[in-house]
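One structure, pasted below without further comment.
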Amino acid sequence: MGRLRMGEVVVRDLRSGETLRGTAGFALLCRQIPAYWPLLPLLWIPALRRRVDRQFSGCAGTGCTLD
């Protein structure tokens, strides 16, 4: 998997042992928590998928920007 960037979120699937980053990790969380199920169809919208991926990817370079 390698080193994580500051602020990066990763999710480990305990069933398969796979470590997921970005939108894939968020989607796994949503599938496991019934209250988050309504969010799953929203991940098919490209703009929202990119936004989630950007939020979960952490900081690039020397600093983070605040949105």
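The values are calculated or read from the model by the stated rules, or taken from the named source; none is laboratory data. Remember, it's a predicted structure, so these values are computed and weren't measured experimentally. Counting neighbours? That spans all protein chains shown, and the Cβs are built from the backbone with ideal geometry, glycine included.
Could you tell me whether any residue of region 16-33 is within 15 Å of Asp53 (Cβ to Cβ) and over 11 Å from the mean Cα position of the chain (by Cα)?
Applying the first criterion (within 15 Å of Asp53 (Cβ to Cβ)) to region 16-33 yields 20-30.
Within this subset, residues satisfying the condition of being over 11 Å from the mean Cα position of the chain (by Cα) are none.
The answer is no, given that none of the residues of region 16-33 is within 15 Å of Asp53 (Cβ to Cβ) and over 11 Å from the mean Cα position of the chain (by Cα).
Cβ-Cβ below 8 Å, separation at least six or inter-chain, first residue in region 33-51 and closer than 19 Å to Val11 by Cβ, second in a helix (DSSP H, G or I) and of a type in the set (S, T, N, Q): which pairs?
Leu43/Thr23; Arg49/Thr23
Do you know which residues across region 1-15 are over 14 Å from Asp53 (Cα atoms) and either surrounded by fewer than 12 Cβ atoms within 10 Å (Cβ to Cβ) or of a type in the set (A, V, I, L, M, F, W, C) (or both)?
Answer for region 1-15, where residues must be over 14 Å from Asp53 (Cα atoms) and either surrounded by fewer than 12 Cβ atoms within 10 Å (Cβ to Cβ) or of a type in the set (A, V, I, L, M, F, W, C) (or both): Met1, Gly2, Arg3, Leu4, Met6, Leu14, Arg15.
Okay, moving on. What about Ala27, is it at pLDDT 95 or above and either in contact with a Lys or Arg (Cβ under 6 Å, 6 or more places away or on another chain) or assigned to a helix (DSSP H, G or I) (or both)?
In short, no.
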